[in-house]
Amino acid sequence: MQEETSTKDLTARLALIESMLAEGRRQSESWGWTFLLWGVALYVAIVWGTWGQKLSVWGRSDLAWPVTMLAASLLTIAIGLKKGRRQPGTTVGRALVSLWICGGISMFLLFPALSISGRLDQHSFVAMIAGVLGIANGVSGMILRWKMQFACAVVWWVTSIAACFGSDAQLTAIFLAAIFICQIVFGVYTMILESRRRPAGVVHA
Amino acid sequence: MPELPDLNPVVHEKLRLALLSLLAGVEEAEFTWLRARTGATDGNLGAHLAKLERAGYVAVKEKFVQRKPQTLYRLTEAGRGALTEYVQALKQLLGAAIDT
């Protein structure tokens, strides 16, 4: 065999190994929709929770956050399972998904507990949500070396600090703006990037 | 002059080399994903994966997801070792080719 293998062929094989390794490690999952979904869910919860009492249909504004967040979680699980069924698992992918799931679990446990104990106010609620989202976006951005996602983390960290100061109206304005930038705009931007991914390479045996 | 290494014939075949390299980048992958990435036909891909399985380089797992069968392939330690050795041998051969 060795006599048959030319330098050109050996180089081509090295290139093949490199390209296939990169292809396998390439993030093929699509998660842009989750940012959009959760952005919309946060808007629904805010609108329902703030102005719900004035609407006859959504009169129970105390249910706004638990119902919306639970519905968004179930939708995320259902769509995620359907979309991720055919994708191979990578260590990086598993690390990122674990990070977001654990951040979500922390919020699902912490906020009801704080609410029941009467120690939760609007400002600390937004500060904590923004803080956790800052961590999740920051870690994801650093692992993926993605400046846009890290910029979202910076926006969330600024929101987290700003939530500790100012009036309720200012708090609502900054929270809505952060959701728009980091969930809606970033989600749509990510979905556009994901749709433009190049097709898979072909190996002729 | 040092003796040049032999290239492992199981790994050397182009499609099998591509499969081992693809699997080295993921934890496990489905048959259809491997087919899409390599552009191989079902029969060709199945035959080469079977050869890699017989050599102990890949492990196969069958499971049902939402009532649909899924065949998952994973690179074994032996497979990872064989690929690493192959790359080293390849580099040694290329080095020798440049020196001559």
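The values are calculated or read from the model by the stated rules, or taken from the named source; none is laboratory data. On a predicted model such as this, the values are computed, not experimentally measured, just so you know. Positions of Cβ are backbone-derived with ideal geometry, glycine not excepted, and every protein chain shown enters the neighbour counts.
Computed quantities for the displayed model
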{"item": "Tabulated pairs, the range A:76-105, first within 14 Å of another protein chain (Cβ to nearest Cβ) and buried (at least 16 other Cβ atoms within 10 Å of the Cβ), second hydrophobic (A, V, I, L, M, F, W, C) and not in a helix (DSSP H, G or I), C-beta under 6 angstrom, 6+ apart or interchain", "result": "A:P88/B:V26; A:P88/B:A29; A:T90/B:V26"}
{"item": "The lone exception for B:A36 - which of (1) touching a helix residue (DSSP H, G or I) at 6+ places or on another chain (Cβ under 6 Å); (2) at the interface with chain A (Cβ under 7 Å from one of its Cβ atoms) it fails", "result": "(1)"}
{"item": "Some residue of the range B:37-58 being touching a strand residue (DSSP E or B) at 6+ places or on another chain (Cβ under 9 Å) and basic (K, R)", "result": "yes"}
{"item": "Selected residue [at pLDDT 85 or above, within 30 Å of B:A24 (Cβ to Cβ) and hydroxyl-bearing (S, T, Y)] from A:T68, A:T11", "result": "A:T11"}
{"item": "Tally, over the range B:72-98, of residues that are loosely packed, with under 14 Cβ neighbours inside 10 Å and either over 30 Å from A:S6 (Cβ atoms) or of a type in the set (D, E) (or both)", "result": "1"}
{"item": "Pick from the range B:11-20, criterion more than 7 Å from chain A (Cβ to nearest Cβ) and buried (at least 20 other Cβ atoms within 10 Å of the Cβ), ranking: nearest to the chain's Cα centre (by Cα)", "result": "B:L20"}
{"item": "Matching residues in the range A:167-184 - criterion: being surrounded by fewer than 17 Cβ atoms within 10 Å (Cβ to Cβ) and under 18 Å from A:T50 (Cα atoms)", "result": "A:S167, A:D168, A:A169, A:Q170, A:T172, A:A173, A:L176, A:A177, A:F180"}
{"item": "Index of the failed condition, B:A24 passing every other in (1) in contact with a strand residue (DSSP E or B) (Cβ under 6 Å, 6 or more places away or on another chain); (2) more than 20 Å from A:A12 (Cβ to Cβ); (3) at the interface with chain A (Cβ under 7 Å from one of its Cβ atoms)", "result": "(2)"}
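Condition check ((1) surrounded by fewer than 19 Cβ atoms within 10 Å (Cβ to Cβ); (2) at pLDDT below 95) across all residues:
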position: B:P9; (1), (2): yes, yes
position: B:L22; (1), (2): no, yes
position: B:V26; (1), (2): no, yes
position: B:R37; (1), (2): no, yes
position: B:A50; (1), (2): yes, no
position: B:V58; (1), (2): no, no
position: B:K61; (1), (2): yes, yes
position: B:Q70; (1), (2): yes, yes
position: B:T100; (1), (2): yes, yes
